[in-house]
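**Q** Quick one: the structure is below, and I'll ask about it shortly.
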Amino acid sequence: MLATVGRQSVGLVGTFGQLGFFAADTVRALADVRTWGRQVFPMMRRIGVDSLPVALFIAAFTGIVLALLASYIFTGQVPLYFVGALVGKTIMMELGPVLVGLSLAGRVGANIAAELGTMKVTEQVDALETLAYDPHAYLVVPRVIAGTVMFPVVVAFAMAMGILMGWVAATTLLPLTNAEFVRGLRLFYVPFDVQFGLIKAASFGFVITLIGCYLGLNTRGGAEGVGAATTKTVVYSAVLLLVLDAFWALTLLQPS
Amino acid sequence: MIAFRDIHKAFGPKQVLRGFSLAVREGETAVIIGGSGVGKSVAIKHVVGLLEPDAGEVEVDGQVVSRLSRKDLTALRAKVGYVFQFAALFDSMTIFENVAFGLRRRREMAETAIRERVAESLRLVDLPGTEARMPAELSGGMRKRVGLARAIALRPKYLLYDEPTTGLDPVTSAVIDDLMIRTREVLGNTSIVITHDMRSAYRVGDRIAMLYEGRIRQEGTVAEIQQTADPVVRQFIEGRPNLRDADAAPLSASEEVAVEGSPG
């Protein structure tokens with residue numbers, strides 16, 4: 001039992017060590033701008049713009065449920081206009097980035113791992129190298145940059161959609177006016193709320209794309225290997241995303 | 001010249017190469033034969049630095065590949081064309097983009113010159129006018145020919161063919177053999193061909209080397225290999241199911257595979 005735990009721990013540390021080297025190679029490849037430069041905008045569209053529908057869908061329903069949940073919790077003990085405060089704060093600081101991040105760990109991370117894994121097992125990555133392309137510069141850097149830049153954009157739209165739908169739900173389904181909802185929304189609002197959510201989103205984008213690239217380019221075997229890389233990407237990304245979420249809360253939300 | 005010197009390579013507990021040595025001279029076509037999984041592809045991947053040996057070294061034009069800096073390795077790769085077993089075409093790109101991909105990297109040619117070079121390379125492999133098609137629209141044989149066009153578009157000094165005829169029907173295999181011979185005549189490359197297709201080996205090879213249990217079992221001209229008395233080599237080239245059958249006398253002339261235009 002102890003030996004098994006030990007072996008798995010060593011394996012996990014080894015994996016993170018390799019991921020560190022992989023990240024270092026990616027940073028080194030940043031210098032090769034002429035290889036990755038043209039790839040960035042198409043990747044931003046694929047990773048960011050194409051992810052908007054799913055992110056907005058999740059945010060819309062989260063906003064509605066939050067508004068109704070708040071009114072259910074308050075039960076007359078708390079003024080109803082606090083619904084706006086709860087919806088705004090929760091969507092901006094936690095549920096917007098985390099729920100969108102988790103859904104994009106599936107959509108974006110799995111997509112990257114499957115694509116690069118297939119390229120790996122069909123020797124397309126080797127072909128890139130024989131044609132004098134650095135796979136880190138051509139495949140990894142544009143995806144990681146696109147993820148880091150576009151996740152905050154997607155999350156910003158999701159925040160707006162979540163709050164808007166929470167507002168609509170609150171004013172149509174609850175005895176709350178527009179002015180009361182806005183009053184609640186502005187009650188505890190500080191610009192840092194949005195910044196906090198967007199910083200988290202950028203870190204989620206970085207981690208999800210990096211893990212997808214790492215596991216994709218380390219795929220072994222055939223279709224089974226690609227499937228395993230895809231599954232691992234979603235699981236590892238989700239776990240690391242939640243760890244990062246706690247890390248940001250611990251480092252940025254310490255009471256002064 | 002490409003020289004493999006005492007290459008050892010293992011993947012986990014599996015020792016694939018155990019002292020593989022071979023010298024490929026300028027202008028010749030060396031064929032490495034051997035059963036599936038003996039490490040033929042592993043051996044040639046060392047030439048372009050796709051794999052690093054655990055021990056030993058590969059030297060190309062006097063440079064030890066595993067000791068090259070990233071920049072020098074890139075320069076070396078520019079001299080070597082690699083034709084992959086399953087073509088390894090970039091499936092999100094058209095045939096034109098695939099063949100032009102390496103040329104664009106070099107930034108030595110104008111766009112019109114690249115177009116001409118792509119068209120010329122596709123003509124050389126008998127696939128003119130296919131520039132706009134996608135890899136998925138092509139048959140296996142056509143994909144291999146595009147893979148060859150992509151490699152020769154760079155006018156490499158060396159060409160590495162990884163099982164170029166595997167999985168193809170005999171007629172298409174013969175077409176690929178012809179293309180390899182024609183490519184060498186036109187471009188004058190030094191080539192290494194990995195195959196277990198003996199008909200193809202006899203047609204395209206100047207010398208044949210058999211890889212067995214991680215090292216070269218025997219090397220020689222086509223005639224020397226055809227007349228070998230080594231039972232292991234004979235079992236392989238004659239395609240016999242066991243060593244005992246191969247222990248018989250060498251093939252008679254009438255049994256030998258007829259080889260048209262064999263350079264050997």
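**Q** Just give me the residues in region B:34-68 being among the small types (Gly, Ala, Ser) and within 13 Å of another protein chain (Cβ to nearest Cβ), in sequence order. Write out each step before concluding.
**A** Keep residues of region B:34-68 that are among the small types (Gly, Ala, Ser), which gives B:34-37, B:39, B:41, B:43, B:49, B:55-56, B:62, B:66.
B:Ser41, B:Gly49, listed by residue number.
**Q** With the structure loaded, tell me whether A:Met92 is aliphatic (A, V, I, L, M) and more than 14 Å from chain B (Cβ to nearest Cβ) or whether it fails that test. Reasoning before the result, please.
**A** Working: aliphatic (A, V, I, L, M): yes; more than 14 Å from chain B (Cβ to nearest Cβ): yes.
Yes, satisfied.
**Q** Which members of region A:217-237 meet the condition of being part of a helix (DSSP H, G or I) and buried (at least 16 other Cβ atoms within 10 Å of the Cβ)?
**A** If the condition is that a residue be part of a helix (DSSP H, G or I) and buried (at least 16 other Cβ atoms within 10 Å of the Cβ), then A:Leu217, A:Gly225, A:Val226, A:Ala228, A:Ala229, A:Thr230, A:Lys232, A:Thr233, A:Val234, A:Tyr236, A:Ser237 are the ones that fit.
**Q** So how many residues does region B:73-113 have that are facing chain A (nearest Cβ under 9 Å), in a loop (DSSP other than H, G, I, E, B) and aliphatic (A, V, I, L, M)?
**A** Residues meeting the conditions: 4.
**Q** Does region A:64-79 hold any residues that are under 15 Å from A:Thr172 (Cα atoms), open to solvent by less than 50 Å² (accessible area, probe 1.4 Å) and not polar (S, T, N, Q), and which are they?
**A** A:Ile64, A:Leu66, A:Ala67, A:Ala70
**Q** So A:Pro135 passes all but one of these: (1) open to solvent by less than 10 Å² (accessible area, probe 1.4 Å); (2) at pLDDT below 95; (3) not β-branched (Val, Ile, Thr). Which condition number does it fail?
**A** Checking A:Pro135 against (1) open to solvent by less than 10 Å² (accessible area, probe 1.4 Å); (2) at pLDDT below 95; (3) not β-branched (Val, Ile, Thr), the one that fails is (1).
**Q** Could you run through region A:238-256 and say how many residues are within 16 Å of the chain's Cα centre (by Cα) and open to solvent by 80 Å² or more (accessible area, probe 1.4 Å)?
**A** Qualifying residue count for the region: 4.
**Q** Moving to a separate point now. Report, by residue number, each residue of region A:153-178 that is among the aliphatic types (A, V, I, L, M) and over 17 Å from A:Ser71 (Cβ atoms).
**A** A:Val153, A:Val154, A:Val155, A:Ala156, A:Ala158, A:Met159, A:Ala160, A:Met161, A:Leu164
**Q** Every residue in region B:134-170 that is open to solvent by 40 Å² or more (accessible area, probe 1.4 Å), of a type outside the set (Gly, Ala, Ser) and either over 20 Å from B:Tyr202 (Cβ atoms) or in contact with a Gly (Cβ under 9 Å, 6 or more places away or on another chain) (or both), please.
**A** B:Met134, B:Glu137, B:Met142, B:Arg143, B:Arg155, B:Lys157, B:Asp169
One line per residue, one yes/no per condition, for (1) among the β-branched types (Val, Ile, Thr); (2) in contact with a Lys or Arg (Cβ under 7 Å, 6 or more places away or on another chain); (3) assigned to a loop (DSSP other than H, G, I, E, B):
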| site | (1), (2), (3) |
| --- | --- |
| A:Thr15 | yes, no, no |
| A:Arg34 | no, no, no |
| A:Val54 | yes, yes, no |
| A:Gly84 | no, yes, no |
| A:Met93 | no, no, no |
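**Q** Give me a count of the residues in region A:181-216 that are farther than 25 Å from A:Thr26 by Cα and open to solvent by less than 20 Å² (accessible area, probe 1.4 Å). Outline the logic, then answer.
**A** Of all residues in region A:181-216, those farther than 25 Å from A:Thr26 by Cα come to A:181-197.
Those still in the list that are open to solvent by less than 20 Å² (accessible area, probe 1.4 Å) too: A:181, A:184, A:193, A:196-197.
Residues in region A:181-216 being farther than 25 Å from A:Thr26 by Cα and open to solvent by less than 20 Å² (accessible area, probe 1.4 Å): 5 in total.
**Q** Regarding A:Phe41, is this residue open to solvent by 60 Å² or more (accessible area, probe 1.4 Å) and either in a helix (DSSP H, G or I) or under 23 Å from A:Thr233 (Cα atoms) (or both)? Before the answer, list the steps.
**A** Values: open to solvent by 60 Å² or more (accessible area, probe 1.4 Å): yes; either in a helix (DSSP H, G or I) or under 23 Å from A:Thr233 (Cα atoms) (or both): yes.
Criteria met by A:Phe41.
**Q** Mind listing just one residue for me: the one in region B:46-59 that is among the aliphatic types (A, V, I, L, M) and farther than 13 Å from A:Thr130 by Cβ and, of those, nearest to the chain's Cα centre (by Cα)? Write out each step before concluding.
**A** Within region B:46-59, the first condition is being among the aliphatic types (A, V, I, L, M), and the residues that meet it are B:47-48, B:50-51, B:55, B:58.
Now drop any that are not farther than 13 Å from A:Thr130 by Cβ, which leaves B:55, B:58.
Numbers: B:Ala55: 23, B:Val58: 16 Å.
Step by step, filter region B:46-59, then rank; the result is B:Val58.
**Q** Okay, moving on. Just wondering, is there one or more residues in region A:115-133 that are closer than 30 Å to B:Pro156 by Cβ, in contact with a Pro (Cβ under 7 Å, 6 or more places away or on another chain) and among the hydrophobic types (A, V, I, L, M, F, W, C)? Quick ask: steps written out before the conclusion?
**A** The initial filter retains those residues of region A:115-133 that are closer than 30 Å to B:Pro156 by Cβ, namely A:115-133.
Of the ones still in play, those that are also in contact with a Pro (Cβ under 7 Å, 6 or more places away or on another chain) are A:125, A:128-129.
Filter once more, keeping what is among the hydrophobic types (A, V, I, L, M, F, W, C): A:125, A:128.
Checked against the condition, which is being closer than 30 Å to B:Pro156 by Cβ, in contact with a Pro (Cβ under 7 Å, 6 or more places away or on another chain) and among the hydrophobic types (A, V, I, L, M, F, W, C), region A:115-133 yields at least one hit.
**Q** Looking at B:Phe20, B:Phe101 in this structure, which one is among the aromatic types (Phe, Trp, Tyr) and closer than 22 Å to A:Gly117 by Cα? Steps first, answer last, please.
**A** Details: B:Phe20 fails: closer than 22 Å to A:Gly117 by Cα.
When all the criteria are applied, what remains is B:Phe101.
**Q** Look through A:Gly84, A:Gly76, A:Gly117 and report the one residue that is modelled with pLDDT of 95 or more and more than 13 Å from every other protein chain (Cβ to nearest Cβ).
**A** So the residue among A:Gly84, A:Gly76, A:Gly117 that is modelled with pLDDT of 95 or more and more than 13 Å from every other protein chain (Cβ to nearest Cβ) is A:Gly117.
Conditions (1) modelled with pLDDT of 95 or more; (2) assigned to a helix (DSSP H, G or I), marked per residue:
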residue	(1), (2)
A:Val154	yes, yes
A:Leu164	yes, yes
A:Pro175	no, no
A:Ala201	yes, yes
A:Thr209	yes, yes
A:Cys213	yes, yes
A:Thr251	no, yes
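**Q** Right, another one. Any idea which of B:Arg203, B:Arg143, B:Arg155 is among the charged types (D, E, K, R) and in a loop (DSSP other than H, G, I, E, B)?
**A** Numbers: B:Arg203 fails: in a loop (DSSP other than H, G, I, E, B); B:Arg143 fails: in a loop (DSSP other than H, G, I, E, B).
Result: B:Arg155 is the single residue among B:Arg203, B:Arg143, B:Arg155 that is among the charged types (D, E, K, R) and in a loop (DSSP other than H, G, I, E, B).
**Q** If you don't mind, another one. Filter region B:1-46 for residues that are in a loop (DSSP other than H, G, I, E, B), more than 29 Å from B:Gly239 (Cα to Cα) and touching a residue at least 24 places away in the same chain (Cβ under 8 Å) and give the result.
**A** B:Met1, B:Glu26, B:Gly27
The values are calculated or read from the model by the stated rules, or taken from the named source; none is laboratory data. Model, not experiment: these values are computed from the prediction. Every residue, glycine among them, receives a Cβ derived from its backbone with ideal geometry; neighbour counts consider all protein chains shown. When the accessible area is computed, the model is the full protein with side chains, heavy atoms only, and any ligands, DNA or RNA have been set aside. Shrake-Rupley method; radii C 1.70, N 1.55, O 1.52, S 1.80 Å.
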